[in-house]
Structure formats: structure tokens, C-alpha cells
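The block underneath contains the structure these notes are about, expressed in C-alpha cells.
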Amino acid sequence: MPELPEVEALAEFLREEAVGRTVTRVDAVAISALKTFQPPITDLAGRTIAAVGRYGKFLDLTMRAQGSTEGSAEVAGDLHLIVHLARAGWLRWSTSLAEKPPRPGKGPLAVRVHLGDGMGFDLTEAGTQKRLATYVVTDPALVPGVSRLGPDPLADEFTEQALGDVLKAAGRAQLKGILTDQARIAGIGNAYSDEILHAARLSPFKPANGLSGAETATLYAAVRSVLTDAAVRARGLAAKDLKAEKKTNLAVHGRTGQPCPVCGDTVREVSFADSSLQYCPTCQTGGKPLADRRLSRLLK
Ligand SMILES: [Zn+2]
């Protein structure tokens, strides 16, 4: 479940390790992960990775044809490999990739990118729900998920006023849903939205238009500090260490039943069809547990 901080760390890692290297071969193992077919992903072979960017939770590898002018930001003929890791996807860097093409099957391997001398990376996805998505496009904006992204919460332009505008436009929508709606704010998922709301001492179900000026300022500070701190911690870590790093520094997310590190109250959760959120009643809801619809339905 990589979110903005982890995807940014992956991008930084690739900028150091992969930029300047040439793709020698691409093994497309899971057809379900390919969201575009023209040009085929295998056509990236022979191109050089010229830059690595991030849009929300999307990674963007600029793939440049051999012989193109080096050093400029964007060159005619560039292709972009856009990757969305979704909930259970990951990028594994390797210095000893097998030369033998992998067999398509039920394993976690979706796409393997060879960069020569055994170096390269795997895009993998655990579990049975296959949501990992790759796109090969001439312009990142051609990816629907990228073009609809809201502002990046770590960009300079994302001011307290900008957050205020997002909240205003959201009307009575609840904070948890707003923070994770990629069209409103880019890059925040289930984990960091829980952490941001805990840091801001706000209920996940509070309506956007119910925030005072002071609460908006607190929420803004929490968005910036939670994401910046996570990005700083993730920086420089090897891709394989990022997941463990994220887990050890969460205050409430994924910690149902454990004590809140701020006040000691028991962290509680609300379950939905295919996800759940965690929060601290003392810190966030005036000590009152939120109704868990699934639980109360079961008890009826
Ligand atoms: Zn607490």
C-alpha cells in the first residue's frame, strides 16, 4: 500500500540507481497489469531511463530513444512508463535478475524490466486482487488517473488557502473521504489519512464544511508534517526496507486494540466492505467511539 512518501522514495531511489541506464528487455508477465497496448511495453527495450517523476501515487519513468539529445527535460519521441502500484503492488530492485524469461503464471511478478548485467527491477503484486497498472504513453496526462489528480500536498503551491478551497468545494463530505480522494488531493491513501487525522485530532467523519479556521490550520499542518516526516524517513532506504519502515512509525493506522502513543487510549477501528480506518477516541472524537456499521449490523 505505497502512498505518496513511499512512491517518492522509490522515485528517488530510481533516480540514483536507474537513470542513465538502458532497458535491455521487458518481460510482460501479467497481461492484466498492462493498461495500454500501443506501443507495446516490450518496445521500451533499447531506450534509456532519462528521468523519474511522481504524480500522486503514480511513478513516471521517462524512456528516451537512443541518440536523442541528453539533458533536456523532455524530448520529442520520449515515452513514459507510468506505474500505479495499487494496494498490494511493489517495485523490487535487483542486481541479479534471471536472464531466462519468467513464465506467465499466478505468482506475484507482473512486469520485469532488465537494465543489463542482471540489474533491473520487478513490479510485483501480492494477493489475488490484481490492480497494479502500467501504461506506456507519450504524455503522462494521457493516463486518466494522472489527469484527474488534485493538487500535490507537498508542492509549494499547496498552501493553507489551497486546502481551505478543497474543503470548501467538498461541502459536507467527510474528512477521511476527502483526504483519500485522489481528485481532491493527490497521493494520500488509507494509512496516511488515518495518521493525518490523528495528528490533527479530528474525527474521520467530520464534514469538510464543519471545520473552523483554527481546525483547517491544524489539518494543514498535519498534512504537511505527517507526509514530510514519512518522506524524510523513507528517503535513502532500499525499496525492500520501505514497507517495514512505514509500519513502525504509524500511530493509529493498523494498530487496532493497541494504545495510542499520544494519550494511551485504545486505538479503535471502523470497518467497511474492503477496508477499515483506525482512530483514537480520546484524541479525535471526544472519547466517543464511532459507530462501526458492519459491527452494528452484525449485532442486530
Ligand atoms: Zn490518543
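At-a-glance table
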{"quantity": "All-pairs alpha carbon distance profile, region 160-284, 10 Å steps from 0, percent", "calculated": "13, 44, 34, 9, 0"}
{"quantity": "Simple label model, 7 Å out from Cα along Cβ direction - R235 to A217, nm", "calculated": "2.7"}
{"quantity": "Spin-label pair N209/D139, simplified geometry with 7 Å Cα→Cβ offset, distance in nm", "calculated": "3.6"}
{"quantity": "Two-site FRET efficiency, A173 against A28, from Cβ-Cβ distance with R₀ of 45 Å, rounded to 0.05", "calculated": "0.70"}
{"quantity": "Other-chain or far-sequence residues with amide H under 5 Å of A110's (modelled H)", "calculated": "L123, T124, E125"}
{"quantity": "GluC sites (Glu not before Pro) restricted to DSSP loop in region 63-142 with at most 14 other C-beta within 10 Å", "calculated": "E70, E74, E99"}
{"quantity": "Potential lengthening between A183 and K106 on full extension [0.36 nm per residue; Cα-Cα distance subtracted]", "calculated": "24.5 nm"}
{"quantity": "S276-T36 pseudo-label distance in nm [points 7 Å out on the Cα-to-Cβ vector]", "calculated": "3.9"}
{"quantity": "Compactness of the chain - radius of gyration and Dmax, Cα, Å", "calculated": "20.7, 69"}
{"quantity": "16 Å reach of a label modelled at N249, 7 Å along Cα-to-Cβ, counting backbone N of region 198-227", "calculated": "199, 222-227"}
{"quantity": "Alpha carbon convex hull of region 4-147, volume per residue in cubic angstrom", "calculated": "104"}
{"quantity": "Any cysteine of the chain lacking a neighbouring Cys Cβ under 4.7 Å - listed by number", "calculated": "C263"}
{"quantity": "In Hz, Karplus ³J(HN,Hα) per residue of region 151-158 (6.51, -1.76, 1.60; θ = phi - 60°; x = Gly, Pro)", "calculated": "x, 7, x, 9, 6, 4, 5, 7"}
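Quick note: the coordinates plus some simple rules give every number you see, no bench work behind them. These numbers come from a predicted model, not from an experiment. Ideal geometry is used to build each Cβ from the backbone, glycine not excepted, and the neighbour counts take in all protein chains shown.
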